[in-house]
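Here is the structure we will look at, set down as structure tokens.
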Amino acid sequence: MDVYEAVMSRRAVRGFTDRPVPREVLLHVLSAATWAPSGSNLQPWNAYVLTGEPLAELKKRARARLDARDPWDEPEYEQYPPALKAPYRERRSAFGEQRYGALGIAREDLDARQRAASANWDCFGAPAALFCYVDRGLDRPQWSDVGMFLQTVMLLLRAEGLGSCTQMAWAKFHRTVREILSPPDDLILFCGMSIGYEDPDVTYTRTGRAPLEETVTFVDTL
């Protein structure tokens, strides 16, 4: 698979089989991903990989919190601005319509939307998950470096025939994740990433992208 195919075929997979992901494949991917770019080579990502019983225990604890209707943990970073402006507000709304519309869930059916969202905390059935932390003392440039690392991981997973889904949703249960992983106190959980083999029986609608002229400007003449 060449890099263009990996980029174009990568998507947020929300349905996995229980086929185990070989440890050697994960090691191969993560070893290559260490070459992702970062300012002054800080390599500010801190990744934890969960499989087997530890992942099953995390899913169990997350499910217990959902069933008990425990409130989300206090946020450690702002996932979206409180007043999202155009065109980002419209893009987010379009995503919601496409995502939940494909599941046959009406916009006003908040309970059904919540049930669909709860699949995040089961990693959509994936047998492997990566949890990415960043140091509290670092700033936005280093967070962007973490994003480049995660993108590199996802493209390498595609090259191995694997699917993935990054999930800021896990940051809402960061205390529960911390119970399992015991990371240093100076790390913030940015996101989780479900990893596995895509379930071909799960249907999906691929979300669209903004026209290139909305996001790219060529300046080639004076």
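Relative contact order for the chain using alpha-carbon pairs under 8 Å, separation at least 6, rounded to a whole percent?
Normalised by residue count, the contact order of the chain is 39 percent.
Quote the charge dipole size of the chain about the Cα centre in Debye, to the nearest 20; the model charges only the Cβ of Lys and Arg (+1) and of Asp and Glu (-1).
420
Could you tell me what a quarter of the Cα convex hull surface of the chain works out to, in nm² with one decimal place?
14.9
With a 1.4 Å probe and every protein chain left in place, tell me how much accessible area M1 has, in Å² to the nearest 10.
100
Enter the accessible area of S9 (Å², nearest 10), with the probe set to 1.4 Å and all protein chains included.
Accessible surface of S9 is approximately 40 Å².
Long-range amide H contacts for N46: which residues qualify at under 5 Å (H placed 1.01 Å from N, peptide plane, sequence gap of 5 or more or a different chain)?
Result for N46 returns Y133.
Taking only C-alpha pairs under 8 Å that are 6+ residues apart, what is the relative contact order of the stretch 126-218 in percent?
45
If I stretch the segment between R91 and R175 completely, what's the gain in nm (0.36 nm per residue apart, minus their alpha carbon distance), one decimal?
Difference between extended and current length: 27.2 nm.
If I build a Gaussian network model for the chain, linking alpha-carbon pairs within less than 10 angstrom, which residue out of A12, A86, A128 has the largest mean-square fluctuation?
Judging by the Gaussian network model, the answer is A86.
Write out the trypsin sites (Lys or Arg not before Pro) in the stretch 1-59 meeting two conditions: DSSP loop, and at most 12 other Cβ atoms within 10 Å of their Cβ. Walk me through the numbers before you get to the answer.
Numbers: sites: R10, R11, R14, R23, K59; in loops: R10, R11, R14.
Passing both the DSSP loop test and the Cβ count: no residue.
In the chain, what percentage of the DSSP-assigned beta bridges are antiparallel, given to the nearest 5? Mind dumping the intermediate values first?
Numbers: 21 of 22 bridges.
About 95 percent, rounded to the nearest 5.
Are there any chymotrypsin sites (Phe, Trp or Tyr not before Pro) in the stretch 32-68 that are in a DSSP loop and have at most 11 other Cβ atoms within 10 Å? List them by number.
Numbers: sites: W35, W45, Y48; in loops: W35.
When the chymotrypsin sites (Phe, Trp or Tyr not before Pro) of the stretch 32-68 are filtered for loop state and at most 11 Cβ neighbours within 10 Å, W35 remain.
Is the C-alpha gyration tensor of the stretch 178-222 telling us rounded, prolate or oblate? Criteria: a/c under 1.5 is rounded; beyond that, a/b larger than b/c is prolate, otherwise oblate. Show your work: numbers first, answer last.
Details: a/c = 4.72, a/b = 1.48, b/c = 3.20.
In terms of gyration-tensor shape, oblate.
Out of the trypsin sites (Lys or Arg not before Pro) in the stretch 123-222, which ones are loop residues according to DSSP with at most 12 other C-beta atoms within 10 Å?
Answer by residue number: R136, R206, R209.
The values are calculated or read from the model by the stated rules, or taken from the named source; none is laboratory data. What you see is a predicted model; the values in this text were computed from it and never measured. With ideal geometry, Cβ positions are generated from the backbone for all residues, glycine too; neighbour counts draw on all protein chains shown. Remember, those area values only see protein heavy atoms, side chains included, never the ligands or the DNA or RNA. Shrake-Rupley method; radii C 1.70, N 1.55, O 1.52, S 1.80 Å.
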